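Visitor: Pasting in a structure now, in structure tokens, and then I'll have a few things to ask.
The values are calculated or read from the model by the stated rules, or taken from the named source; none is laboratory data. On a predicted model such as this, the values are computed, not experimentally measured, just so you know. Neighbour counts run over all protein chains shown; Cβ positions are idealised from the backbone, glycine included. What goes into the accessible areas is simple: the full protein's heavy atoms, side chains included, and nothing from ligands, DNA or RNA. Shrake-Rupley method; radii C 1.70, N 1.55, O 1.52, S 1.80 Å.
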Protein chains: 2
Amino acid sequence: MRGPVPTLRDVAERAGVSPTTVSRVINASGFVSREARAAIRQAIDELGYVPSASARGLASRHTAMVGLCLPVVDADTDLADRSDRRPPPRVPGLPGAETVPVVVDTDPEAIISWGGMYFGEVVRGAEFAAWEAGLAITVAMTRAPDLEARVLNMAGRVDGMVVVSGTLPDDLLEHVARRVPVVILTGLGPESAHDRVTVRNAEGVERLVEHLLTDHGITSLEYVAAPEGTPDDEERFRGFCRALTRAGIEAPAAPRLRGDWERGRGREIARGLVDGLGRGGTLPGALVCCNDNTALGLLDVFAAHGVRVPEDVVVTGFDGVEAARTSAPPLTTVEQPMAELGRAAVEVLTARIAAPARRAATTSLPVTVVLRGSCGAHPPVGVDGRAGEDPA
Amino acid sequence: MRGPVPTLRDVAERAGVSPTTVSRVINASGFVSREARAAIRQAIDELGYVPSASARGLASRHTAMVGLCLPVVDADTDLADRSDRRPPPRVPGLPGAETVPVVVDTDPEAIISWGGMYFGEVVRGAEFAAWEAGLAITVAMTRAPDLEARVLNMAGRVDGMVVVSGTLPDDLLEHVARRVPVVILTGLGPESAHDRVTVRNAEGVERLVEHLLTDHGITSLEYVAAPEGTPDDEERFRGFCRALTRAGIEAPAAPRLRGDWERGRGREIARGLVDGLGRGGTLPGALVCCNDNTALGLLDVFAAHGVRVPEDVVVTGFDGVEAARTSAPPLTTVEQPMAELGRAAVEVLTARIAAPARRAATTSLPVTVVLRGSCGAHPPVGVDGRAGEDPA
DNA sequence: TTGTACGCGTTATCAG
DNA sequence: CTGATAACGCGTACAA
């Protein structure tokens, strides 16, 4: 089954031309006579010839492929867990319908996979941009065992890589970057000297806080930060302060509340706040969080302890993850254009591949403030609404 | 910037050994002395050496990469549309916060991208399985212009391909299959002679209908099918009939209602039903749809016309797309394990690559019936519930 | 418009 | 444990 695969040489012989001519029709380069072209086309079909990318890459010194390094997401553990056990039965037809489990869906907020669909969207955008540029794309999550070997392996098979910030150790990143151009995609970590694609973090938060200030009349706000030293978070905090300052409110020098991007830590922070309440403390008018996960964690605990959102305290996030739309209450947030991020990253990368010498630049994509229940959602004057399709 | 890239030869020279020895440490094959290994490691680091996948592939005659062909999804048009216009401004720092749009999110059912997150999950599972097998993965959506060239290009750079059924013309598929093993992933279309991965379509619907019959006491059911000649749909209809027959109810020879997998067509069908109602017609007790999209279309129109679900009619779907959880009412459905589908497909593929001669087989993954509001959700005795995490 | 000849960077084979 | 040597399949100057 599937004997020795035909090569360009075989096609050439069968069509009665030289290998060069075959190469010409495959690559649509140079001029080839009608007859030659037809004969070659036919030979290709009859032989079932497919050009070897390896040979092409070796000869041409580029692979026409870009790589995408994504962080491992929570949902990954689902798959990994199942690897330990025996795989589920997959034999067709044996068990009947009585073996099909029936469950009642009691948790409308169950985890949505792949980072709240975050990275799925990045991949989609990246694949699109690669397609437009005529490139193939390879994707990998940067899992711990063998990280280095696997990443270098990818580096060896691409013309350039998009790396989500913070997913690779610095030395590995630099090793890779010595070989191929690298574009850093927003996230955590202070890499530099590479092209970078982010969103307007500061402007997004600034606008959101402005809304809280102006349209809701809230005057006491607190920023819930990420761990120190993460650029995106710092920018968001900067936007927070800017809005306050412009409103004549004194901005803190540093965030007084700090999480770690995760929902669990958000819950802990909320517990601390609730405890403080019991000891006679008071809640700020609004808690502006560094991301949605953290904000969702706050909502979890507030709901459990009877703290009403937005009546007792307004809560906002950043990202626009799926879960933020169905939380109770739905979360007001700053939405990032994830697919556009993936797309822009690959576009920047292809530009860099074309012009390796140009100096590195940072690209910031626009964001959107999305008002939902967690802030009370008074639309500011002149705001856009999002219309649903009319089904009738 | 980035001069001639170092090769294995350079590493060998610098380490004072032969290329063969370097190859040995890179591939962890054969035995190499401590000193040699150390010298080579160091040379690799100093030179920033990265092995060329092209050269490796050419010499070893395999690429250690698998390909995944996905259908184009609706959301793709978003990206494509934007390609016509000028790209959005991406210069950093220029516009301020006042340019950030603020919108009120009025449509909690807005389309979720990438096929209701369907294919994102497939990619995630496939990437995981590839990773476990030590393989890289490349992904492509099968877009129209240049389909053939691009698909053959992929075929030329992988050791095997997973193709979502119905995404490739038959002749193209066979061309590809002459070169590398192919696994067909459930969907539309009657390909054969290749390995195939699906879900227990019939059993899933059978169990669901059983629930409707037994726990809800519904006796008049109608199946809303997909276009004729799609195997998955036919299996689902078979399960539908089987459940009826077993309950002593006469099953129709063929579906009386037919959509096209899409929400829009679901709406049209519902309009037909509603019109019939006006002319003295009557609604069945339940409408069992071939997929969630179709069912969601029905819900749209029923809601708009005051037909109460589940009081006036029960509606169910198949797939378990994200939108089915947040529809009004939430949709009872048969959930497919999308990530597991991607994973299984790649596992089957690697098995096939290892044993090319074995005869083709079909693998069916288990499904889960998920009860939600659109059927009234009476849990049958002994049913599992899905617990949410306790935030307090 | 077509063909010749060489080399791309690595692995596999075989001999030390 | 180590090293020669010969492919691997294609692109690309260069010549015709």
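Visitor: Ignoring everything but the protein chains, give the 1.4 Å probe accessible area of B:ASP275 in square angstrom, nearest 10.
Guide: Roll a 1.4 Å probe over it and B:ASP275 shows about 90 Å².
Visitor: A further question on this structure: By how many degrees, 0 to 90 and rounded to 10, does the Cα axis of helix A:292-304 deviate from the longest principal axis of chain A?
Guide: The angle comes out at about 40 degrees.
Visitor: Tell me: how much accessible area in total is hidden between A and B, 1.4 Å probe, Å², nearest 100?
Guide: On the way: alone 22030 and 22050 Å², together 33120 Å².
So the buried area, both faces added, is about 11000 Å².
Visitor: For label points placed 7 Å from Cα toward Cβ, what is the shortest-first list of nm distances from A:SER83 to its copies?
Guide: In nanometres, ordered from closest: 3.5.
Visitor: Kindly provide the helix-only [θ] at 222 nm of chain A, computed as the sum of -39,500 (n - 2.57) over DSSP H runs of four or more divided by all residues, to the nearest 500 deg cm²/dmol?
Guide: On the way: 15 runs with 167 residues, N = 392.
So the calculated ellipticity at 222 nm is -13000 deg cm²/dmol.
Visitor: Then there's this: Could you work out which residue, out of B:GLU13, B:GLU206, B:GLU222, moves most in a Gaussian network model of chain B, that is, has the largest mean-square fluctuation with Cα springs under 10 Å?
Guide: Comparing B:GLU13, B:GLU206, B:GLU222 in a Gaussian network model of chain B, the most mobile one is B:GLU13.
Visitor: List every residue whose amide H lies under 5 Å from the amide H of B:ASP195, counting only residues 5 or more places away in sequence or on a different chain, with H placed 1.01 Å from N in the peptide plane.
Guide: Correct list: B:VAL182, B:ILE184, B:ALA361.
Visitor: Turning to a different aspect of this structure: For the protein assembly as shown, with every protein chain kept in place, what is the accessible area per residue (1.4 Å probe, Å²)? Let's see the in-between values first.
Guide: Numbers: 33120 Å² over 784 residues.
That works out to 42 Å² for each residue.
Visitor: With respect to the axis carrying B onto A, what is the closest chain B residue by Cβ position, and how many angstrom separate it from the axis?
Guide: That would be B:GLY120, 1.
Visitor: Here's a follow-up. How many percent of the accessible area of the protein assembly as shown is carbon or sulfur, using a 1.4 Å probe? Don't jump to the answer; show the numbers that get you there.
Guide: Values: 17370 of 33120 Å².
In the protein assembly as shown, the share of accessible area belonging to carbon and sulfur is 52 percent.
Visitor: Between A:THR77 and B:ALA149, what FRET efficiency follows from the Cβ-Cβ distance if R0 is 30 Å, with the result rounded to 0.05? Write out the running numbers ahead of the final one.
Guide: Details: r = 39 Å, r/R0 = 1.31.
It comes out at approximately 0.15.
Visitor: Suppose R0 equals 56 Å; then what is the FRET efficiency for B:VAL5 and B:THR214 from their Cβ-Cβ distance, rounded to the nearest 0.05?
Guide: Values: r = 67 Å, r/R0 = 1.20.
E between B:VAL5 and B:THR214, to the nearest 0.05, is 0.25.
Visitor: Test of understanding: in a Gaussian network model of chain A with alpha carbons linked when under 10 Å, which of A:LEU70, A:LEU208, A:LEU277 would top the mean-square fluctuation ranking?
Guide: The residue that fluctuates most here is A:LEU277.
Visitor: Moving to a separate point now. Could you give the size of the charge dipole of the stretch A:1-43 about its Cα centre, using +1 on the Cβ of each K and R and -1 on the Cβ of each D and E, expressed in debye and rounded to the nearest 20?
Guide: Values: 7 positive and 3 negative charges, 22 e Å.
The calculation lands at about 100 debye.
Visitor: With axes computed from alpha carbons, what is the tilt in degrees of helix A:201-216 against the longest principal axis of chain A, rounded to the nearest 10 within 0 to 90?
Guide: Compared with the principal axis, the helix lies near 30 degrees.
Visitor: Can you list the copy-to-copy distances for A:PRO252, using a point 7 angstrom from Cα toward Cβ, in nanometres, shortest first?
Guide: 6.3
Visitor: Sort shortest first the distances from B:ARG2 to its counterpart in every other copy, using label points 7 Å along the Cα-to-beta-carbon line, and give them in nm.
Guide: Copy-to-copy label distances at B:ARG2, shortest first: 3.2 nm.
Visitor: Be a star and scan the stretch A:1-27 for residues whose amide nitrogen sits under 14 Å from the point 7 Å along the Cα-to-Cβ vector of A:GLU35.
Guide: A:15-18
Visitor: Sticking with this one: How many Cβ atoms of partner chains, on average, are near each residue of A:31-38 if near means within 10 Å of its Cβ? Could you put the intermediate results ahead of the total?
Guide: On the way: counts 0, 0, 0, 0, 0, 0, 0, 0.
Other-chain Cβ atoms within 10 Å of each residue's Cβ, averaged: 0.
Visitor: Also, quick follow-up: Taking the Cα centre of the protein assembly as shown as origin, sum charge times position over the Cβ atoms of Lys and Arg (+1) and Asp and Glu (-1), and report the length of that vector in debye to the nearest 20. Don't skip to the end; give the middle numbers.
Guide: Values: 82 positive and 104 negative charges, 598 e Å.
Once rounded to the nearest 20, the dipole reads 2880 debye.
Visitor: What is the distance, in nm, between label points placed 7 Å from the Cα along the Cα-to-Cβ direction at B:ILE249 and at B:ALA59?
Guide: 6.7
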